[in-house]
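Student: Take this structure first; my questions come after.
The numbers here are math on the coordinates, done by the rules we state, and not lab data. On a predicted model such as this, the values are computed, not experimentally measured, just so you know. Using ideal geometry, Cβ is built from the backbone for each residue, glycine included, and neighbour counts are taken over all protein chains shown.
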Amino acid sequence: MKLQREITQPCKVFEENGQVMQAGWAKSPVFDFNADVSKARTICRREGFFINNHEVSLYVALESFGREFSVKIAIADLLRGGVISDYVTRKTLRSKEELPEEYGEFEYSDKYLRFRLISAPEGCVLKCAFEDFGGKEMFFNLFLKRIISDSMNELAPFERNRKYFYFKRFSPCFTAKGAIKVGSMQYSLSENSSRAYQDKTRFAKPRPHNYQRLGADCMIDGQRFTLCLASRVGDNRYGNENCFFCDGKLEKLSHIDIKGTPKRVERPFYFRGGISALDITFKPFTVRGAAMRAEMGNTIVLFGRLYGAINRVDYDKPLELDNAPAHLILSEF
């Protein structure tokens, strides 16, 4: 199957009539997103971060879906095994929370949780204090330093009614430093050994979707490797999220076949693409026979490892992924 349409020149997401006529993907932020032009009744916004080193993984998602706003957080101890997660959801009087479209500040607070996001050209600051986080007190203060890297930018309209759309920017362009504290456990992150990616999504859809995305962000043979394999949302014949990055350079992937058992998440998931271009297996970590996972409302995050190879990097020397740390996100939205 041929690769989808790559867009290289700046363009607007919405036409003057509010419809989305462009479709495709880009290696840089070429899409000009102006929500005021959209004719969709509600634009949903999601800001996700994944931060990790050899010891700990932190998942953070801020979701503004209509008049409901959620903060979802999961922390996995990769050395000792185990996940602690929690989330808060509140109804809002406004149709959206003011998540920054590019740079700016966002704050959320209630009697249990205080969260602050500062986004700037040089990077992002994430601060959080959660008084009852899975029964423990949790705190983190992190600075994500922006580095030079490609990003995966996808725009997929819905074919029948193009006021509906799915717009994504996946940016594996950060190192991380700071501290995470959960109960008596404390984790220190340094920018020499810690990585982070940002997953920014905006969408308006006519119906609910089941969505899953396999992700990884780790070092392999001295190179930073980041993976994004996702299921279909919208009319993405001209673009999808499937890609990987080696030292900041994006390599596009086409259709991926996925086999798994979402209701038996302790079992492996299999990903195949092209003529042996990609053949990998995701195996969740297990603790006493149960998958190492976080459940936060309609979102499940599984923590595990990859096995297999990506052959299209170099047919004489495939990219071996055996034992690479990874995560699988299962969601309904």
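Student: Any idea how far apart Thr8 and Glu266 come out in nm if each label point goes 7 Å out from Cα toward Cβ?
Tutor: Distance between the two pseudo-spin positions: 5.1 nm.
Student: Want the number for Lys39 to Asn17: 0.36 nm per residue separation, take away the alpha-carbon distance, what's left?
Tutor: Details: separation 22, 0.36 × 22 = 7.92 nm, distance 0.77 nm.
Result for the pair: 7.2 nm of gain on full extension.
Student: State which entries of Lys111/Lys205; Lys91/Lys252; Lys91/Lys127; Lys205/Lys259 exceed 27 angstrom in Cα-Cα distance in the structure shown.
Tutor: Lys111/Lys205; Lys91/Lys252
Student: Suppose each label sits 7 Å from its Cα in the direction of the beta carbon; what would the Asp132-Asn161 distance come out to in nanometres?
Tutor: Here the modelled spin labels are 4.0 nm apart.
Student: May I ask you to compute the full-extension gain from Val125 to Met185, defined as 0.36 nm times their residue separation minus their alpha-carbon distance, rounded to one decimal in nm?
Tutor: Working: separation 60, 0.36 × 60 = 21.60 nm, distance 2.16 nm.
The span from Val125 to Met185 would gain 19.4 nm if fully extended.
Student: Which whole-number percent is the relative contact order of the range 11-332 (Cα, under 8 Å, 6+ apart)? If you can, show how the numbers build up before the last one.
Tutor: Values: 842 pairs, mean separation 46.1, N = 322.
Once normalised by length, the contact order is 14 percent.
Student: If you average the alpha carbon positions of the range 85-143 and of the range 268-294, how far apart do those two centres end up, in angstrom?
Tutor: That distance is 30 Å.
Student: Reachable aspartates and glutamates from Lys136, Cα under 13 Å, same-chain residues fewer than 8 places away excluded?
Tutor: Hits, sequence-local ones excluded: Asp86.
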